[in-house]
1. What are the pairs, 6+ residues apart or on separate chains, where a residue within region 15-32 that is free of Cβ contacts under 8 Å to residues at least 40 places away in the same chain has its Cβ under 9 Å from a residue that is hydroxyl-bearing (Ser, Thr, Tyr)?
Amino acid sequence: MTKPTFSILVDTEENTNLAIQQLTQIALEEGIITQEDLESMDKKRELVNAQ
């Protein structure tokens, strides 16, 4: 199964973060991603930020 992708056009960082939160919530509700997927993404983000 292919996971959908989204393009988001926003004008501020705050709106970008809000859009990401909303899309994440929709993806969780629809079963597109799981809580484990989110935790994995957070761990990868932490590794990138640490470099």
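1. Once the first residue is free of Cβ contacts under 8 Å to residues at least 40 places away in the same chain and sits in region 15-32, its partners that are hydroxyl-bearing (Ser, Thr, Tyr) give 28/34.
Rundown of residues vs (1) at pLDDT below 85; (2) among the polar types (S, T, N, Q); (3) open to solvent by 80 Å² or more (accessible area, probe 1.4 Å), yes/no style:
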{"residue": "9", "(1), (2), (3)": "yes, no, yes"}
{"residue": "23", "(1), (2), (3)": "no, no, no"}
{"residue": "26", "(1), (2), (3)": "no, no, yes"}
{"residue": "29", "(1), (2), (3)": "no, no, yes"}
{"residue": "33", "(1), (2), (3)": "no, no, no"}
{"residue": "36", "(1), (2), (3)": "no, no, yes"}
{"residue": "39", "(1), (2), (3)": "no, no, yes"}
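The values are calculated or read from the model by the stated rules, or taken from the named source; none is laboratory data. Keep in mind the model is a prediction, meaning the values are calculated, not measured. In this analysis, Cβ positions are derived from the backbone assuming ideal geometry, glycine residues included, and neighbour counts consider all displayed protein chains. All accessible areas refer to the heavy atoms of the entire protein, side chains included, with ligands and DNA or RNA removed. Shrake-Rupley method; radii C 1.70, N 1.55, O 1.52, S 1.80 Å.
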